[in-house]
Amino acid sequence: MFQLKKINMSDRRSFIKKTLLSSTLLLPGGILESCANPVQENSNEKFKPLILSTWNHGMPANDRAWEVLKETGSLIDAVEEGVKVTELDMDNLSVGLQGLPDREGIPTLDASIMKGDGSCGSVAFVRQIKHPISLARKVMDETPHVMLAGEGARQFAIAQGFPLEPEVLSPKADELYQEWKKTSLYKPIINIENHDTIGMIALGADGKLAGSCTTSGLAYKMHGRVGDSPIIGAGLYVDDGVGAATATGLGESIIRICGSFLIVELMRQGRTPQEACEEAVKRLIAKNKGIEDIQAGFIAINKDGEYGAYAVHPGFNFARHHSNGKDLIDSKSKF
Ligand code: SD4
């Protein structure tokens, strides 16, 4: 089982070398598991297939995506099924109906899904749907549209046979919401429960790409607020000719720079995924006031199987699965 370890950089390197030499394990499905928790390195390693997801909940999500990819060979099924694990995770208060609600005490969800051929679908400000990612998939597969929002998205879900879940807060979310109501102070805080969106991007053995992104958005947001996650080009962008990127963090800051699209376009112009993520963070910092209170992070892969990640502040991490192993990697950051 993977262990998250807090050790300094040089300790990490020797630790990684040692553990990689001594403790890799072949798991069912042919994936190698190592026990290291490496800090992000600029390496020239290239992997196909390759799956990356934001944050540590990306590990179980990637496990499921990897399994689906092995079983079905479908990249789009893999990225949908993978993030569904997080949508059901009762410990996650930023994804799924158990997430922290808006100011009115209502959980509202955003999600998007995209294939590298330009097909995409998303839902925004949707209520009572357990798997918004699957609803986004339906928008992509069953409608001529890209995005459905609010009541229209819910009506579409009903028409597609999605059950409506009761509108009650999870016990944890309720406890925190009752606490919040005492002061009703809206102030996003870096790297705590309101920054845990899952974004997943994947490259298949055939060189095709896909991605998914799902969130309950910012805790205690205004009713009707939509973040970056369902906005194609902001929270997610995928292009078979270039690569894919996804985002987490304060959605407003990411929307302002069309973050994921920007990263893909920078890669198109020749930047590596790492350079493109760093440039996007630089741009985000330039376009957003009060950056000390804003966290945002990006992950990217290119069609050759290289990856990159970068965040505004420390604390961002991401899960990586490939045929030689899987690991949770600490992202580099600007500050
Ligand atoms: C949003 N990007 O709605 C999301 C926030 C996030 O976990 O990352 N939440 O702005």
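Which condition breaks for D196 when tested against (1) among the charged types (D, E, K, R); (2) surrounded by fewer than 22 Cβ atoms within 10 Å (Cβ to Cβ); (3) in contact with a strand residue (DSSP E or B) (Cβ under 9 Å, 6 or more places away or on another chain)?
Of the numbered conditions (1) among the charged types (D, E, K, R); (2) surrounded by fewer than 22 Cβ atoms within 10 Å (Cβ to Cβ); (3) in contact with a strand residue (DSSP E or B) (Cβ under 9 Å, 6 or more places away or on another chain), the odd one out for D196 is (2).
Return the residues of the range 280-294 that are within 16 Å of the ligand (Cβ to nearest atom) and out of contact with any Pro (no Cβ under 8 Å at 6 or more places or on another chain); say none if nothing qualifies. Show your work before the answer.
Filtering the range 280-294 down to residues within 16 Å of the ligand (Cβ to nearest atom) leaves 280-281, 284, 287-288, 290-291, 293-294.
Correct list: A280, V281, L284, K287, N288, G290, I291.
Which of the residues belonging to the range 295-309 are more than 17 Å from I255 (Cβ to Cβ) and within 15 Å of the ligand (Cβ to nearest atom)?
Matches in the range 295-309: I299, A309.
What do you reckon, is A210 at pLDDT 95 or above and part of a loop (DSSP other than H, G, I, E, B)?
Working: at pLDDT 95 or above: yes; part of a loop (DSSP other than H, G, I, E, B): no.
Criteria not met by A210.
State all residues of the range 315-335 that are more than 17 Å from the chain's Cα centre (by Cα) and in a loop (DSSP other than H, G, I, E, B); if no residue qualifies, say none.
S323, N324, K334, F335
If you go through the range 266-279 one residue at a time, do you hit one that is touching a residue at least 12 places away in the same chain (Cβ under 8 Å), out of contact with any Leu (no Cβ under 6 Å at 6 or more places or on another chain) and within 16 Å of the ligand (Cβ to nearest atom)? So that I can check it myself, show each step before the final result.
Of the range 266-279, the ones touching a residue at least 12 places away in the same chain (Cβ under 8 Å) are 266-268, 272-279.
Pick out the ones that are also out of contact with any Leu (no Cβ under 6 Å at 6 or more places or on another chain) and you get 266-268, 272-275, 277-278.
Filter once more, keeping what is within 16 Å of the ligand (Cβ to nearest atom): 277.
Yes: the range 266-279 contains one or more residues that are touching a residue at least 12 places away in the same chain (Cβ under 8 Å), out of contact with any Leu (no Cβ under 6 Å at 6 or more places or on another chain) and within 16 Å of the ligand (Cβ to nearest atom).
Matching residues to (1) near the ligand (Cβ under 8 Å from one of its atoms); (2) over 12 Å from the mean Cα position of the chain (by Cα); (3) under 29 Å from V68 (Cα atoms):
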residue	(1), (2), (3)
E167	no, yes, no
K181	no, yes, no
I201	no, no, yes
Y220	no, yes, no
H223	no, yes, no
G241	no, yes, yes
A247	yes, no, yes
S253	no, yes, no
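Return the only residue of K221, K282, K289 being assigned to a helix (DSSP H, G or I) and among the basic types (K, R). If you could, list the steps in order and put the result at the bottom.
Numbers: K221 fails: assigned to a helix (DSSP H, G or I); K289 fails: assigned to a helix (DSSP H, G or I).
Criteria check complete, one pass: K282.
Six or more apart or on different chains, Cβ under 9 Å: which pairs go from a residue in the range 32-61 that's more than 21 Å from E278 (Cα to Cα) and in a loop (DSSP other than H, G, I, E, B) to one that's of a type in the set (G, A, S) and at pLDDT below 60? Could you list them?
The qualifying pairs are S34/S23; C35/S22; C35/S23; A36/S23.
The values are calculated or read from the model by the stated rules, or taken from the named source; none is laboratory data. None of the values given here were measured: they were computed from a predicted structure. Cβ coordinates were reconstructed from backbone atoms using ideal geometry, including for glycine residues, and neighbour counts include every protein chain displayed.
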